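The structure under discussion appears below in the form of structure tokens.
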Amino acid sequence: MTTAAARKQRIEFGDFQTPDALAVAVCRRLHDLGICPDVVIEPTCGVGAFVEAAAQFFPTAKQILGFEVNNDYLEISHARLQGELASGRVRLAQADFFATRWQSILEVLTGSLLVLGNFPWVTNSVQSGIGGDNLPRKANFQCHNGLDAIMGKANFDISEWMLLEVFRWLEGRQGDVAMLVKTAVARKVLAHAQRQGLAIASSCIIKIDAKKAFDVSVDACLLIVRFNSALPATDEYQVFDSLEATQGQRVGHRMGVSIASLDAFDANIALVGQSPEKWRSGVKHDAAAVMELTRHGQLLQNGYGETVDIESDYLYPLMKGSDIGNGKGWRKKYLLVTQRYVGESTDSIRTRTPKTWAYLQKHADILGARASSIYVKNPPFSVFGVGAYSFRPWRIAICGLYKSLDFRLITPLEGKPVMFDDTVYYLSFDNEMAAQQVFTLLHSYEAKDLLSSLIFWDEKRPVKASILNMLDWSRLHTAKESPQQGQLSLGVCA
Ligand SMILES: C[S@@+](CC[C@H](N)C(=O)[O-])C[C@H]1O[C@@H](n2cnc3c(N)ncnc32)[C@H](O)[C@@H]1O
């Protein structure tokens, strides 16, 4: 096989074998949790790290069954597991997960089940990008809500699909699932299980170091889900920082919202409400090379390197999400803001500022070709994310893409309010004092604790407007002014 073909196969089959030490650590943790299965199934067992570790840690398991699509890997597993295979306790078979009739295998198995392993970490869009077809086949899941829904998505992880299939195996049985997965996938399947009302007695996410184990930079975890229809179902789960950690964070749902730390959320519930000022996102324009300009000395330049000579009326200082997130200062960037509110006619630019109009006309093709349908229904050269709030001079800003709750107080520059791109969320104020007061409140321990309890830091855009808008900072203010009436302990600090 050529190197390219081997690489394609590795991606298509999500072929990252679990190091033996990690498989052992996982099984030790399962054993310590009191998991004591009668039957273990490793559905994509690769070279057998989990099968071997299971044989060691679950001595009372009567059967340990390993399945794998790749025959070369099965041969390696056979070689390492000779003793166990001879005793008949371990059995290995070649099987394609998506083509196997699992129900006929499961119906002859009695006792509690442990489904253990590490499914391929690959998405359907990566599969189609490389021409791979290691995917679920439609005929195998029709009429199953969850799986149908996943297949309808433009991009899904095949491990998400496989996990939901495994959850189906456990319906009406007692047993556990323990699988190494991307943390985002773990959260999705837990949310799905909750929506479906599955009989989950407990579950947890234990973070693992994927860089160390698999040399991939992705947030990954061991997901453990315990099924027992005799116990009341729960939608709470715990998150542990490592396989050795014994203290976890309670995660779950409140008021229809996913909560990253129930303890912190409950402790600060008095602050949950509606932000007195709505958090807004920055300006959306989809044409950075035309609309964003940089000052070099006396000259303005656009993203095509052209010198731009236009009036200053529609130009505003611009700070990008990276400037806000990295704590940088203003880099002499400007944004052409053609409207004061969404849908405003842009005709007046022609007479008011002819040079700006000529510049926009020059680039009308680019601005007219912006892909989003919102531009089609609006005046030429439109922007979005503008309203009266955009033109108040003082701001408190945060970038949604950064993994920290660092609010920045942004002063007006050159006598104008600073604009942001649409990765930034901000509040705006008419004067410095109002902005300073809220800035102080947002830095209080309670405000940060509540917001952190709502944020899943491993998400691509962890800080969201919907989260920021849940903090009613006026309650901190009120409680601070009248401590005798307030229910909150404050300790507000700058
Ligand atoms: C991430 S590796 C993990 C292997 C093993 N579970 C472990 O933990 O070391 C994924 C494995 O799934 C196998 N695999 C991929 N697609 C499969 C399929 N459709 N059916 C069965 N096995 C599959 C791959 O060959 C690979 O060995």
Check whether at least one residue in region 366-373 is hydroxyl-bearing (Ser, Thr, Tyr), assigned by TED's automatic domain parsing to the domain that holds Lys460, surrounded by fewer than 19 Cβ atoms within 10 Å (Cβ to Cβ) and more than 23 Å from Ile467 (Cβ to Cβ), and report yes or no. yes
Some residue of region 2-18 being without any contact (Cβ under 8 Å) to a residue 60 or more places away in the chain, of a type in the set (Lys, Arg) and either closer than 19 Å to Val177 by Cβ or within 15 Å of the ligand (Cβ to nearest atom) (or both): yes
Show the residue pairs that are 6+ apart or on different chains and have beta-carbon atoms under 8 Å apart, the first residue being within region 24-49 and more than 14 Å from Gly175 (Cα to Cα), the second being of a type in the set (Val, Ile, Thr) and more than 9 Å from the ligand (Cβ to nearest atom). Arg29/Ile206; Pro43/Val115; Pro43/Val166; Val47/Ile76; Gly48/Ile76
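Would you check if Ser128 is over 30 Å from Thr183 (Cβ atoms), part of a helix (DSSP H, G or I) and of a type in the set (S, T, N, Q)?
Values: over 30 Å from Thr183 (Cβ atoms): no; part of a helix (DSSP H, G or I): yes; of a type in the set (S, T, N, Q): yes.
So Ser128 does not fit the description; no.
Among the small types (Gly, Ala, Ser) and in contact with a strand residue (DSSP E or B) (Cβ under 8 Å, 6 or more places away or on another chain): which single residue out of Ala245, Ala270, Ala287 fits that description? Lay out the reasoning, then the answer.
Values: Ala270 fails: in contact with a strand residue (DSSP E or B) (Cβ under 8 Å, 6 or more places away or on another chain); Ala287 fails: in contact with a strand residue (DSSP E or B) (Cβ under 8 Å, 6 or more places away or on another chain).
On inspection, the qualifying residue turns out to be Ala245.
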Scanning region 383-439 for residues that are over 12 Å from Arg280 (Cβ atoms), open to solvent by 40 Å² or more (accessible area, probe 1.4 Å) and in a helix (DSSP H, G or I) gives Glu432, Met433, Gln436, Gln437, Phe439
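For region 186-242, how many residues are of a type in the set (S, T, N, Q), touching a helix residue (DSSP H, G or I) at 6+ places or on another chain (Cβ under 7 Å) and either crowded, with 22+ Cβ neighbours inside 10 Å or part of a loop (DSSP other than H, G, I, E, B) (or both)? Walk me through it before giving the result.
Let us first name the residues in region 186-242 that are of a type in the set (S, T, N, Q), namely 194, 196, 202-203, 217, 228-229, 234, 238, 242.
From the residues that got through so far, the ones that are touching a helix residue (DSSP H, G or I) at 6+ places or on another chain (Cβ under 7 Å) too are 196, 203, 217.
From what is left, the residues that are either crowded, with 22+ Cβ neighbours inside 10 Å or part of a loop (DSSP other than H, G, I, E, B) (or both) are 203, 217.
Selection size over region 186-242: 2.
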Confirm whether Asp235 is of a type in the set (D, E, K, R) and touching a His at 6+ places or on another chain (Cβ under 9 Å). yes
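Please enumerate the residues belonging to region 113-138 that are away from the ligand (no atom under 12 Å from the Cβ) and either of a type in the set (Val, Ile, Thr) or surrounded by 19 or more Cβ atoms within 10 Å (Cβ to Cβ) (or both). Before you say what the answer is, go through the steps one by one.
Of region 113-138, the ones away from the ligand (no atom under 12 Å from the Cβ) are 113-114, 123-126, 128-131, 138.
If the condition is that a residue be away from the ligand (no atom under 12 Å from the Cβ) and either of a type in the set (Val, Ile, Thr) or surrounded by 19 or more Cβ atoms within 10 Å (Cβ to Cβ) (or both), then Leu113, Leu114, Thr123, Asn124, Val126, Ile130 are the ones that fit.
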Can you find, within region 22-71, the residue that is nearest to the chain's Cα centre (by Cα) among those that are near the ligand (Cβ under 9 Å from one of its atoms) and among the acidic types (Asp, Glu)? Glu42
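Of the residues in region 82-96, how many are within 13 Å of the ligand (Cβ to nearest atom) and either closer than 26 Å to Arg29 by Cα or small (Gly, Ala, Ser) (or both)? Don't jump to the end; show me each part of the working.
Taking region 82-96 and keeping what is within 13 Å of the ligand (Cβ to nearest atom), we get 92-96.
If we keep only those that are either closer than 26 Å to Arg29 by Cα or small (Gly, Ala, Ser) (or both) as well, we get 92-93, 95.
Summing the residues that are within 13 Å of the ligand (Cβ to nearest atom) and either closer than 26 Å to Arg29 by Cα or small (Gly, Ala, Ser) (or both) in region 82-96 gives 3.
Residues that are surrounded by 21 or more Cβ atoms within 10 Å (Cβ to Cβ) and modelled with pLDDT of 95 or more: which helices (runs of 4 or more DSSP H) entirely in region 1-92 hold 2 or more of them?
Working: elements: 3-12, 20-32, 49-57, 71-80, 82-87.
Ranges flagged: 20-32, 49-57, 71-80.
Looking at this structure, is Val257 touching a residue at least 40 places away in the same chain (Cβ under 8 Å) and surrounded by fewer than 23 Cβ atoms within 10 Å (Cβ to Cβ)? Working first, answer last.
Values: touching a residue at least 40 places away in the same chain (Cβ under 8 Å): yes; surrounded by fewer than 23 Cβ atoms within 10 Å (Cβ to Cβ): yes.
Yes: the conditions hold for Val257.
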I'm checking my understanding of the structure. Among residues of region 283-328 that are under 23 Å from Tyr375 (Cβ atoms) and among the basic types (Lys, Arg), which one is most open to solvent (accessible area, probe 1.4 Å)? Lys284
Could you say which residue among Thr356, Thr411 is under 19 Å from Val290 (Cβ atoms) and in contact with a Phe, Trp or Tyr (Cβ under 8 Å, 6 or more places away or on another chain)? Thr356
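The values are calculated or read from the model by the stated rules, or taken from the named source; none is laboratory data. Just so it is clear, the model here is predicted, and its values are computed rather than measured. Counting neighbours? That spans all protein chains shown, and the Cβs are built from the backbone with ideal geometry, glycine included. These area figures cover heavy atoms from the full protein model, side chains too; ligands, DNA and RNA do not enter into them. Shrake-Rupley method; radii C 1.70, N 1.55, O 1.52, S 1.80 Å.
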